[in-house]
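Worksheet for the structure shown next.
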Amino acid sequence: MLIGVAAAAATLLVIAYLAAGGASYEPAQVRDPCQPREWRSPDTLQEAVEQFTLSALDGAACELRVSRETLAMALATPEARRQFARRYRVDDAELEAAVRAGLVRAIDDAENAGALSPLIAVPLREVAKRLPVDEAIRLINDARPLFENAGGLLGALGGLLGGVQGLLPSGTEQLAP
């Protein structure tokens, strides 16, 4: 009797799976990292950080001609980076250049979305081009300090500049800590 109930339950499970479209399941296509990513106007620090990270990963992955997901796993640990470099025949200089290019793309995207002021984005781009690769990877993995510090700096600049209109992006006060 118990075996009959289990067989009936298994049969019902297969029928439900097929009725829900399980027979035609295909994995989702991996997004092309070279295609521009639309930035929503970030309302919170967390949204700005998430979008920055995705944009930086897309930019670096595009340079290396791999998926964003593949690169994200490769940047997780030094050992994962070494395995990635061997598998994709990427030398240290290529990886470093791609990571820096990803940061620059993310800074451009953040500025275009109004998450970073041009007052911060312009010098930040220059810093990103020269940042040690370990620091650049740390920033891609967690951009929160960038936006927390930029938000605080933008608030201070806004106070100094007073009535200058259009200099700071709207919503900047929401990104300040």
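The values are calculated or read from the model by the stated rules, or taken from the named source; none is laboratory data. In this text, all values refer to a predicted model and were calculated from it rather than measured experimentally. As a convention, Cβ positions derive from the backbone with ideal geometry for all residues, glycine included, and neighbour counts pool all protein chains shown.
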Tyr88 versus (1) over 13 Å from the mean Cα position of the chain (by Cα); (2) hydroxyl-bearing (Ser, Thr, Tyr); (3) under 22 Å from Ala48 (Cα atoms): which is the lone unmet condition?
-> (3)
Do we have Ala48 as among the hydrophobic types (A, V, I, L, M, F, W, C) and touching a Pro at 6+ places or on another chain (Cβ under 6 Å) here?
-> yes
Residue check, Arg81 touching a helix residue (DSSP H, G or I) at 6+ places or on another chain (Cβ under 9 Å), under 16 Å from Gln35 (Cα atoms) and modelled with pLDDT of 90 or more | no
Conditions (1) free of Cβ contacts under 8 Å to residues at least 24 places away in the same chain; (2) buried (at least 20 other Cβ atoms within 10 Å of the Cβ): number failed by Arg89 = (2)
Return yes when Ala72 is surrounded by 20 or more Cβ atoms within 10 Å (Cβ to Cβ), closer than 16 Å to Asp142 by Cβ and aliphatic (A, V, I, L, M) and no when it is not.
-> no
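A quick yes/no check of all residues on (1) on the phi < 0 side of the Ramachandran plot; (2) touching a Ser or Thr at 6+ places or on another chain (Cβ under 6 Å); (3) part of a helix (DSSP H, G or I); (4) among the polar types (S, T, N, Q):
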position: Ala28; (1), (2), (3), (4): yes, no, no, no
position: Phe52; (1), (2), (3), (4): yes, no, yes, no
position: Ser55; (1), (2), (3), (4): yes, no, yes, yes
position: Leu71; (1), (2), (3), (4): yes, no, yes, no
position: Ala93; (1), (2), (3), (4): yes, no, yes, no
position: Glu96; (1), (2), (3), (4): yes, no, yes, no
position: Ala106; (1), (2), (3), (4): yes, yes, yes, no
position: Asn112; (1), (2), (3), (4): yes, no, yes, yes
position: Leu116; (1), (2), (3), (4): yes, no, no, no
Test for Arg89: is it basic (Lys, Arg), at pLDDT below 90 and over 19 Å from Glu47 (Cα atoms) | no
Take region 136-148 and flag every residue that is loosely packed, with under 13 Cβ neighbours inside 10 Å and over 18 Å from Met73 (Cβ atoms).
-> Pro145
Check whether at least one residue in region 122-145 is aliphatic (A, V, I, L, M), in a helix (DSSP H, G or I) and in contact with a Phe, Trp or Tyr (Cβ under 8 Å, 6 or more places away or on another chain), and report yes or no.
-> no
Of all the residues that make up region 126-135, how many are surrounded by 15 or more Cβ atoms within 10 Å (Cβ to Cβ) and either at pLDDT below 85 or not hydrophobic (A, V, I, L, M, F, W, C) (or both)?
-> 0
Single match in Ala61, Ala80 (criterion: surrounded by 10 or more Cβ atoms within 10 Å (Cβ to Cβ), touching a Ser or Thr at 6+ places or on another chain (Cβ under 8 Å) and in a helix (DSSP H, G or I)) | Ala61
Output the qualifying pairs, or none if there are none: Cβ atoms under 7 angstrom, residues six or more apart or on different chains, first residue in region 57-73 and without any contact (Cβ under 8 Å) to a residue 40 or more places away in the chain, second residue assigned to a helix (DSSP H, G or I) and hydroxyl-bearing (Ser, Thr, Tyr).
-> Leu64/Tyr88; Val66/Tyr88
